[in-house]
Amino acid sequence: MKTILCYGDSLTWGYNAEGPGRHAYDDRWPSVVDAQLGAGIRIIAEGLNGRTTAYDDHLAQADRNGARLLPSLLASHEPIDLVVLALGTNDLKRHTGGGAAYQAAAGMERLISIVRGFRSSFGFATPSILIVSPPALVPTDDADFRDMFGGAIEESHKLKPAYERLARRAQCAHVAASDHCEATPLDGVHLDAANTRALGRAIAAGLTTLL
């Protein structure tokens, strides 16, 4: 049995902008990965709305700093064979990650170092890593989301190349969500059911080569 930890934000949680609410369980991308990879795989879906790579969000009641929570999750779910790190969109908010793709990539590099530096109390092997660069933002008439991200559409298009450079430098696998799915204009950020399933299929294909 191989264990895969899917560590992400609202796209991993399955936020549905139509509700707003949550996509059906089978439509969430970790569930699609589970179905695609089949027997012998255990998927742990750890998605939190608003989670950043490594930055604080003092406006939220939950701790959204991904770097602070990751070590505890690595410990509680070990042994883990592979970690999918799917974060970065919320770093584009000016009150969290500074609003730049560069900060998101720097935060993702920090998460990679946490996974690789985590020392298992039981001597379990270090997990392999796949990073997922977020889909680009799209224009929306939703004033709340438009203002929340402060016009970060242009910056969001820099996430894919920034993560590509990081993947080469850190020697880890990379899936660019923007190659496989597109955000809904309902809020400019999240994925509809069809696109979140497409993301799941792309991530499953990326994982296949690592398992």
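Of all residues in region 83-106, none are touching a Leu at 6+ places or on another chain (Cβ under 7 Å), part of a helix (DSSP H, G or I) and within 23 Å of THR208 (Cβ to Cβ).
Looking at region 139-158, can you tell me whether even one residue there is under 22 Å from SER128 (Cβ atoms) and part of a helix (DSSP H, G or I)? Steps first, please.
Filtering region 139-158 for residues under 22 Å from SER128 (Cβ atoms) gives none.
Checked against the condition, which is being under 22 Å from SER128 (Cβ atoms) and part of a helix (DSSP H, G or I), region 139-158 yields no hits at all.
Here is a yes/no grid of residues against (1) out of contact with any Lys or Arg (no Cβ under 8 Å at 6 or more places or on another chain); (2) farther than 18 Å from LEU159 by Cβ; (3) at pLDDT below 95; (4) not aliphatic (A, V, I, L, M):
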{"site": "GLY50", "(1), (2), (3), (4)": "no, no, no, yes"}
{"site": "GLU78", "(1), (2), (3), (4)": "yes, yes, no, yes"}
{"site": "ASP81", "(1), (2), (3), (4)": "no, yes, no, yes"}
{"site": "HIS95", "(1), (2), (3), (4)": "yes, yes, yes, yes"}
{"site": "ARG116", "(1), (2), (3), (4)": "yes, yes, no, yes"}
{"site": "ALA125", "(1), (2), (3), (4)": "yes, yes, no, no"}
{"site": "SER128", "(1), (2), (3), (4)": "yes, yes, no, yes"}
{"site": "ASP142", "(1), (2), (3), (4)": "yes, yes, yes, yes"}
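Within region 147-169, the set of residues being surrounded by fewer than 16 Cβ atoms within 10 Å (Cβ to Cβ), modelled with pLDDT of 95 or more and not charged (D, E, K, R) comprises HIS157, PRO161. Within region 122-160, the set of residues being more than 20 Å from GLY98 (Cα to Cα) and of a type in the set (Phe, Trp, Tyr) comprises PHE122, PHE124. Scanning region 145-168 for residues that are touching a residue at least 40 places away in the same chain (Cβ under 8 Å) and more than 18 Å from the chain's Cα centre (by Cα) yields PHE145, ARG146, MET148, GLY150.
The values are calculated or read from the model by the stated rules, or taken from the named source; none is laboratory data. Since this is a predicted model, take the numbers as computed values, not measurements. Quick reminder, even Gly has a Cβ in these numbers, built from the backbone with ideal geometry, and neighbours come from all protein chains shown.
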